[in-house]
Each structure stands twice: as structure tokens, then as C-alpha cells.
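The values are calculated or read from the model by the stated rules, or taken from the named source; none is laboratory data. Keep in mind that this is a model prediction, so the values were computed, not measured. Cβ coordinates were reconstructed from backbone atoms using ideal geometry, including for glycine residues, and neighbour counts include every protein chain displayed. For accessibility, only protein heavy atoms count, side chains too; no ligands or nucleic acids. Shrake-Rupley method; radii C 1.70, N 1.55, O 1.52, S 1.80 Å.
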Amino acid sequence: YQNEVKPAFLKACGDCHSKFTTMPWYSKIPVISSMIANDITEAKKHLDISNDFPFDGHGSPQEDLEAIRESLFNGTMPPWEYSLMHPKNKLSASEQAKILQWVDKSLEVLTR
């Protein structure tokens, strides 16, 4: 987790789902800054990866892992608006595979 999964999470998800947000240049525009702040607040309510697993948020560890898997399979995260403005933060196929492997192993441990 520490060497492969966490860095991938922080790269692709950390701006919205952690306290390690790197604000983009356009975040200084008044209307946009409030939209970004609201999006980040809402994202962290669902899943906050600031600390190691189990993550903070409103789900159980199992629910969080299942949501991560579903998001990767469906391509629902990150939202297209974020992907459009931050193409370098996209997960590679290798990173996705490592995350899915970690999710599956973690779910296996949790459901024993």
C-alpha cells in the first residue's frame, strides 16, 4: 500500500479526497473558488484518504473498498471536469491494476 497504492491515490484523488489539495491557478477566480471548495468538502465527506486505510468518510472500510473498485471499473472518478483540467493526474493502467489488486486483497481480509 505505502509504496504503490498510496502514491497513486494521492496523485489521482488527493486534490479532492484529502487535506493535500494542490489548488490550481483558476481557483483564484471568485465563483470558481467557491465551487472548488464545495466540491472538495463534499468529496471528503464521501472518502478522505488523508490518513492510511481505513479511510475517513461516511462508509465502512468494506463500503469504501467496494466504491473504489466500482469507480475504477465504471470510470466515474475523477469527474470529467477534473480530468479535463488535470490530465497528468490520471491513473495509468498499471496503477489501476495495482489499486484493484490491493482492493481485492483487502476485501478478502475484511470478509473472512
Rounded accessible area per residue of the range 39-112, 1.4 Å, Å²: 67
Per-residue SASA entry for residue 48, accessible area with 1.4 Å probe, Å² rounded to 10: 30
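Considering only protein heavy atoms, with the full assembly of protein chains and a 1.4 angstrom probe, order 21, 76 by accessible area, largest first. Intermediate results must be reported in sequence, preceding the final value.
On the way: 21 45, 76 80 Å².
So, going from the largest accessible area down, we get 76, 21.
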Probe 1.4 Å, all protein chains present, accessible-area order of 9, 53, 73, 20, largest first: 73, 20, 53, 9
Sites matching trypsin sites (Lys or Arg not before Pro) across the range 1-84 that sit in DSSP coil, with at most 15 neighbouring C-beta atoms within 10 Å: 19
Amide H within-cut-off set for residue 48, under 5 Å, with H built and near neighbours excluded: 56, 57
Partner lysines for residue 45 [C-alpha distance under 21 Å; skip if fewer than 8 residues away on the same chain]: 6, 11, 19
Cα-based helix-to-principal-axis angle, 61-74 vs the chain, degrees rounded to 10: 70
Matching label, Cα extents along the principal axes in Å computed from the structure shown, candidates (i) 62, 31, 22; (ii) 37, 36, 29; (iii) 49, 28, 25: (iii)
